[in-house]
Amino acid sequence: MTTDTAFNITKVSESRIKNVDLDNPGFGREFADHMLEVEYNDGAWQEPEIKPFGTIETTPALNTLHYAQSVFEGLKAYYVDEGTINLFRPEKNYARMARSCERMCIPVFEQEVFMDGIAELIKLDHKWVPQKEGNTLYIRPLACAFDQMISARVSDKYRFYVMTSPVGSYYQRPVKLTTSQKYVRAVKGGVGEAKAAGNYGGSLYPAQQAKAKGYDQVLWLDAFEHQYIEEVGTMNIFFVIDGVLITPNLSGTILPGITRASVIELAKYWDMPVEERRISIDEVMEAGENGTLQEAFGAGTAAVIAPVEEIHHDGSTVRVHDEERGLIGQKLYDTITGIQRGKIEDPFGWTTSIEVNS
Ligand SMILES: Cc1ncc(COP(=O)(O)O)c(C=O)c1O
């Protein structure tokens, strides 16, 4: 892609890349040399700036820290070859971020600033995109209130940042899930379908309790009946029951995942039966017990397709996958990662290629 937006760019005097092991970067610990910063003052987003990644000056009165008027996104840059880096459906991240901003009263910025800002950052820091299979450069856009004032009201000032971080695989093995009869992630009318910072803060305590019992994540159920499945930590959830791919419908409490949308589109393209509908935990546990639950996997940018090892609910446990993904999960993983890295044909036009100077 070519970029039209004018950026004020200040480059680092020396790259930090030599201090980082791109083959084993962990997740979200290291940051590439540059970041994008756009300020919102006097009722308008100002000129975008690209500058060295580093600290930002503020005071403890920053209202984002108190009232969480803050939203973010997560997408990745994929190494194709030394002159090409791919993004995967970035316009969908922008659209979701714009919706999240609206829900949290954050002024929406132009799509060009988002798309061109990411492209400029990748051009500058393309050497930070790991080449190793499974490793990528994670891109984290963040928009947050920036008034320094202790008052629970809509802010006058905002900042939009984009930072990038080389990352490895999110889950190294299948995940163990447990439901919670006590805690919920989101309620209808709340902010569950926005990528709002507070959603994540609120889910830490139940997730910590699940971890203490040996599970990786909570499989969230609906807030009214504690019966219908919603999603998992940072993934949407899919089941294959009797040859049908089933995922909870977008009810307003679930994050509309871009991987989720891609899984559904691919399955339909392959003429697989797909159902987006309410699915109860009892239905899944029964399918696990009577042998019709063939696969279960989480789908999200960080983990791509993460197989579920077991699901625990109300004293019972159903085992699904031991080491590997099931046939459908594996085919989805191979296709999505193949398209992302430019290794297989992209019949849907899902990738945006950025040309970089090798
Ligand atoms: C709560 C939640 N659900 C689902 C997802 C998966 O969404 P995506 O496929 O767009 O990464 C994420 C990750 O962004 C998430 O945080």
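The values are calculated or read from the model by the stated rules, or taken from the named source; none is laboratory data. Everything numeric in this text was worked out from a predicted model, so none of it was measured. Every residue, glycine among them, receives a Cβ derived from its backbone with ideal geometry; neighbour counts consider all protein chains shown. Surface areas here come from the heavy atoms of the whole protein model, side chains and all, with no ligands, DNA or RNA. Shrake-Rupley method; radii C 1.70, N 1.55, O 1.52, S 1.80 Å.
Details
- Selection of GluC sites (Glu not before Pro), the range 2-87, meeting DSSP coil and at most 15 other Cβ within 10 Å: GLU14, GLU57, GLU82
- Taking every alpha-carbon pair under 8 Å whose residues sit at least 6 apart, the range 172-243 reaches a relative contact order of 33 percent.
- Residue-wise HN-Hα coupling along the range 275-280, computed from phi with Karplus coefficients 6.51, -1.76, 1.60 (Hz; x: Gly, Pro): 10, 9, 7, 5, 10, 8
- For the range 46-150, trypsin sites (Lys or Arg not before Pro) are listed when DSSP marks them as loop and at most 15 other Cβ atoms sit within 10 Å of their Cβ; the list is LYS132.
- Low-density loop positions, chymotrypsin sites (Phe, Trp or Tyr not before Pro), the range 232-288 - DSSP coil, at most 11 other Cβ in 10 Å: none
- All Cα-Cα distances of the range 8-169, cut into 5 Å bins from zero to the largest, leave 2, 9, 18, 20, 20, 15, 10, 5, 2, 0 percent in each bin in turn.
- In order through the range 133-140: 3J(HN,Hα) via Karplus (6.51 cos²θ - 1.76 cosθ + 1.60), integer Hz, x for Gly, Pro: 3, x, 9, 8, 9, 6, 10, 10
- In this structure the chain gives 45 Å² per residue of accessible area when probed at 1.4 Å with all protein chains present.
- Backbone geometry of the range 246-255 corresponds, through the Karplus equation with coefficients 6.51, -1.76 and 1.60 at θ = phi - 60°, to 3J(HN,Hα) couplings of 10, 9, x, 6, 6, 9, x, 10, 10, 6 Hz, x marking Gly and Pro.
- Rolling a 1.4 Å probe over the protein heavy atoms of the chain, with every protein chain left in place, gives an accessible area that is 47 percent carbon and sulfur.
- For the chain, taking Cα atoms only, Rg and Dmax work out to 20.7, 63 Å respectively.
- Candidate cross-link partners of LYS331 among the aspartates and glutamates, defined by an alpha-carbon separation under 20 Å and a same-chain spacing of 8 or more, comprise GLU133, ASP242, GLU265, ASP271, GLU275, GLU276, GLU295, GLU309, ASP322, GLU323, GLU345, ASP346.
- Each Lys or Arg adds one and each Asp or Glu subtracts one; over the other residues with Cβ under 13 Å from the Cβ of ASP242, this totals -4.
- Mean ellipticity per residue at 222 nm, deg cm²/dmol - from DSSP H runs of n ≥ 4 across the chain, formula -39500 (n - 2.57): -7500 deg cm²/dmol
- Listed residue pairs exceeding 22 Å between alpha carbons, taken from LYS18/LYS132; LYS123/LYS157; LYS18/LYS127; LYS51/LYS92: LYS123/LYS157; LYS51/LYS92
- Shape of the range 137-231, Cα gyration tensor, a/c cut at 1.5: oblate
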